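Peer 1: After the structure tokens below, expect a handful of questions from me.
The values are calculated or read from the model by the stated rules, or taken from the named source; none is laboratory data. Owing to the predicted nature of the structure, the values given are computational and were not obtained by experimental measurement. Ideal geometry is used to build each Cβ from the backbone, glycine not excepted, and the neighbour counts take in all protein chains shown.
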Amino acid sequence: MHRLDAYAHASRLRHVHPLNKFAFALTVIALCLVLDRPAVSAAALLWMAGLSLLWGGATPGFVLRLLAAEGLFLALGVVAVAVQIGPVGQGGGWSATVTPASLAQAGALLLRAFACASAMNFLALTTPILELAAAAQRFRAPAALLDVTLMMYRSVFLLLETLMRMQRAQESRNGYASWSATMRSAAALGSQLFAASWRSGQRMEMALQARGYEGGALPMLTPAYTLSRTWPAVACLVLATLLGLACL
Amino acid sequence: MTTTSLLAFEALHYRYPGADAPALRSASLEVRAGEKIALMGRNGSGKSTLLLHGNGLLRPQQGVVRWQGEAIAYTRPALRALRSRVGLIFQNPDEQLFAPTLLQDLAFGPLNSGASEQEARQRAEWAAARCRIEHLLAQPPHALSGGQKLCAALAGVLAMRPAVLLADEVTSGLDPWMRRNVLSILDEHVAEGGAVVLSTHELDVARHWADKIALMEEGCVVHVAPPREFFASPAWRARIGADLWLFSDATPMHHAPRST
């Protein structure tokens, strides 16, 4: 999560308005689903991964690891499409069969899902999630919801750091040396983490007050985005490629 | 030379809910423009509690906190004004930084004080430059190192342009270079007519950086004096823990007494 966030903040596409990137990713996903062509899915997958790497600035290793993790999950999902299980004759037995048609169907489905995942990866690798949430204010998302998202997002990183520190402290005293010790340590970690996050939340509230916060929506600067000609041109090129492939 | 009294704590008394003993008992301290005060005392002596009163986060059960001679009213406008004048930097910067980017975090205080977006942005950029972190403005707080986080927390308070800075053990745990950087930022603030109260356990900081040491014991400020007075007297040296110092400034390390 740290690295995904770091790439999003360092992305060369960060200056593009988050809603533009969101609309673009959503359109690519919609085209993959509606056009239902393996060539379209494959092109979308390559375009999205390519943009994340070459323009977004993510490393190939990280993009591949993301796709591999998603691929594992998606592959498990399409097994049910590839393998058909049914009763054999009158005897009451069952058989699992794989036909070329079911394999092709599973492959196409996997490719389509990969393409959609790749579009979401592009968004995640080029747009900090909080900028996306802040941009949602345009759609009249409640300010309180955005504030909660903001604080939770920050808390996740703080909690992860606290969790790692506590876990290391337990491990250094053989807290995970046996099955029973692991169970004991994990239970203690869970309860202590809750208490630590509660205390941390209290202190954070105090720190906000110290800088003049009096309740209500957290005042934030509006992020500045720049208009570029390259971004719409590339976005249109990607969408035109997908539509063109569908017409072939 | 007589300087203006900025912040004054007068006979403050405070007991945390459920606590057996009061955290402050008749604690008094005056902070004048241009002063660098090291607030010292054992753990639990009431240093942090006193600083929380300075920013209006805690309200004394007895006693008065004054700004330029006037008692704080604890109304919303009075607290807003106080927090623009008296900045509080917490010991753990992680609990102070919350915004998606450093720029937004630094602009938070000015926006709360009623600054326009443009002014808040300018103040945030000024504070970042003052704390030598202007190259980090687009970064999220969790991507910063410990020292950078501390500078960011300091910049977040400086962006509010306070006259008095209350810093709660902000130099502890820093490497010597980062500590010197933080102390120089505090010095620049004082040179511009501000004042700093730094709660610390570091004897060398108290001795060489501060103009005055305020010693707290059991919730009370028992003595305020220049560092030389504290370090010259064996009795005061003992009370600030300087008699436990392993190495004196003049003693090279290889001549230092061996600990047993």
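Peer 1: Restricting attention to the stretch A:57-78, which residues are more than 25 Å from A:Ala104 (Cα to Cα) and either over 15 Å from the mean Cα position of the chain (by Cα) or aromatic (Phe, Trp, Tyr) (or both)?
Peer 2: Correct list: A:Gly57, A:Thr59, A:Pro60, A:Gly61, A:Phe62.
Peer 1: Of all the residues that make up the stretch A:149-172, how many are modelled with pLDDT under 80 and more than 12 Å from chain B (Cβ to nearest Cβ)?
Peer 2: 2
Peer 1: Being under 30 Å from A:Gly215 (Cβ atoms) and basic (Lys, Arg) is true for just one of A:Arg168, A:Arg154, A:Arg173, A:Arg184. Which residue is that?
Peer 2: None of the other options fit; the residue is A:Arg154.
Peer 1: Could you tell me which residue of the stretch A:83-115 is farthest from the chain's Cα centre (by Cα), considering only residues that are farther than 18 Å from A:Asp36 by Cβ and among the aliphatic types (A, V, I, L, M)?
Peer 2: Result: A:Val88.
Peer 1: Would you pick out the residues in the stretch A:195-221 that are among the charged types (D, E, K, R), facing another protein chain (nearest Cβ under 7 Å) and in a helix (DSSP H, G or I)?
Peer 2: The one that is among the charged types (D, E, K, R), facing another protein chain (nearest Cβ under 7 Å) and in a helix (DSSP H, G or I): A:Arg203.
Peer 1: Taking the stretch B:72-85, which residues are more than 9 Å from every other protein chain (Cβ to nearest Cβ) and in contact with a Gly (Cβ under 9 Å, 6 or more places away or on another chain)?
Peer 2: Within the stretch B:72-85, B:Ile72, B:Tyr74, B:Ala78, B:Leu82 meet the criteria.
Peer 1: Could I ask something else about it? It is to be established whether one or more residues within the stretch B:137-145 are modelled with pLDDT under 95, away from chain A (no Cβ under 12 Å) and under 23 Å from A:Ser200 (Cβ atoms).
Peer 2: yes
Peer 1: A follow-up question, please. Just give me the residues in the stretch B:69-107 being assigned to a helix (DSSP H, G or I), touching a residue at least 40 places away in the same chain (Cβ under 8 Å) and buried (at least 21 other Cβ atoms within 10 Å of the Cβ), in sequence order.
Peer 2: Hits for the stretch B:69-107 are B:Arg83, B:Pro93, B:Asp94, B:Leu102, B:Asp105, B:Leu106, B:Ala107.
Every residue, every condition in (1) assigned to a helix (DSSP H, G or I); (2) among the aromatic types (Phe, Trp, Tyr); (3) over 18 Å from B:Ile185 (Cβ atoms), yes or no:
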{"residue": "B:Ala115", "(1), (2), (3)": "no, no, yes"}
{"residue": "B:Gln118", "(1), (2), (3)": "yes, no, yes"}
{"residue": "B:Ala124", "(1), (2), (3)": "yes, no, no"}
{"residue": "B:Ala127", "(1), (2), (3)": "yes, no, no"}
{"residue": "B:Arg132", "(1), (2), (3)": "no, no, no"}
{"residue": "B:Ala138", "(1), (2), (3)": "no, no, yes"}
{"residue": "B:His142", "(1), (2), (3)": "yes, no, yes"}
{"residue": "B:Cys151", "(1), (2), (3)": "yes, no, no"}
{"residue": "B:Gly156", "(1), (2), (3)": "yes, no, no"}
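Peer 1: Here's another thing I want to ask about it. Quick one: in the stretch A:144-168, of everything that is more than 21 Å from the chain's Cα centre (by Cα) and loosely packed, with under 13 Cβ neighbours inside 10 Å, which residue is nearest to B:Pro100 (Cα to Cα)?
Peer 2: The extreme case among them is A:Ala144.
Quick grid of which residues meet (1) at pLDDT below 95; (2) surrounded by fewer than 22 Cβ atoms within 10 Å (Cβ to Cβ); (3) more than 21 Å from B:Leu106 (Cα to Cα):
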site: B:Val170; (1), (2), (3): yes, no, no
site: B:Met178; (1), (2), (3): yes, yes, no
site: B:Glu188; (1), (2), (3): no, yes, no
site: B:Val197; (1), (2), (3): no, no, yes
